[in-house]
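Only the coordinates and a few stated rules stand behind these numbers; no lab work does. Predicted, not measured: the structure shown is a model, and the values here were computed from it. Neighbour counts run over all protein chains shown; Cβ positions are idealised from the backbone, glycine included.
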Amino acid sequence: MITVDHLTAGYGKLEILQDLSLAFAAEQFSAVLGPNGSGKSTLMKAIMGLNTIFSGSITLRTRELIGMQTEAISKLGIAYVPQRENIFTELSVLENLQLGVRILPRDQRENALNELFELFPILGRRKPQKAGQLSGGEHRMLAIAIAWLSRPTIMLLDEPSAGLAPAIATDVFNILKELSQQGITLIVVEQNARRILQHCDYAFVLREGRLMFDGSAQACLEDEETIKGYLGVH
Ligand SMILES: Nc1ncnc2c1ncn2[C@@H]1O[C@H](COP(=O)(O)OP(=O)(O)O)[C@@H](O)[C@H]1O
Ligand SMILES: [Mg+2]
């Protein structure tokens, strides 16, 4: 669905991703793994039109994304939850969601919010609370919920479980599973390789901006060299 072909990309004059080629399949749950600094976030940003592209292409089905503005890329149905989320901490949960839902036509907004509170019951209970007062896990759920409100066909999530207590991380993984079952194509960067490999379909492992492994989650778990060498899992 998203095809990255011979992509070299980075920041300013700095090349981070080196001649990277990979493809994210439609309706699959793909994980992007690799050590810190390997270029995982850079790949997400490249897809969203947020960094310098030196060469190569990124296509959504047959449409070239390189050269498009981030907002136009979002409008093609790609929602992005960056590592540092864009939430208005002084506004309540409900106000944040009301801003998010404005992307939809007026007559669909109420339904979308009702559905959202079914999918994320915790946000229903926190409606009046200021977003800045939410726990880490609730804050992360709010960011995912806002991205989901735009009715995306593809969601890019950068380290959705980072910094969360294990039980809360489990809630996040369960939500991802549910989004995947709704048919949303998921592309998720994770530090917790072992955890996500139990949930996702496919894995890509980067190191120093290059693709080191590309295969099913099962194949990744069984590939000792990848697991021990690049993922630090023992
Ligand atoms: N805004 C930036 N300007 C310059 N270099 C950056 C910037 N952001 C990240 N980098 C560098 O790009 C490399 C890859 O970073 P990143 O994609 O964030 O890695 P990961 O998400 O895999 O931890 C790192 O060496 C990092 O220092
Ligand atoms: Mg990162």
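Quick notes on this one:
- Cα pair distances exceeding 25 angstrom across the chain, given as percent: 40
- For the chain, the longest principal axis of the alpha carbon atoms and the long axis of helix 166-181 meet at an angle near 90°.
- Straight-line cross-link partners of K40 among the lysines, defined as a Cα under 25 Å from its Cα and at least 8 positions apart when in the same chain: K13, K75, K177, K228.
- Cut-off 18 Å, label 7 Å out along Cα→Cβ of E90, residues of the stretch 119-139 by amide N: 129-134
- Share of pairwise Cα separations in the stretch 102-234, more than 24 Å, in percent: 36
- Net charge contributed by nearby residues that have their C-beta within less than 15 Å of L221 (K/R +1, D/E -1): -4
- The shape of the stretch 38-125 can be summarised by an equivalent ellipsoid whose semi-axes, obtained from the alpha carbon gyration tensor, come to 30, 16, 11 Å from longest to shortest.
- Per residue, the convex hull spanned by the Cα atoms of the stretch 1-57 measures out at 74 cubic angstrom.
- Euclidean distance between Cα centres, the stretch 1-32 to the stretch 188-225, Å: 15
- The stretch 65-120: chymotrypsin sites (Phe, Trp or Tyr not before Pro) in DSSP coil with no more than 16 other Cβ atoms inside 10 Å: F88
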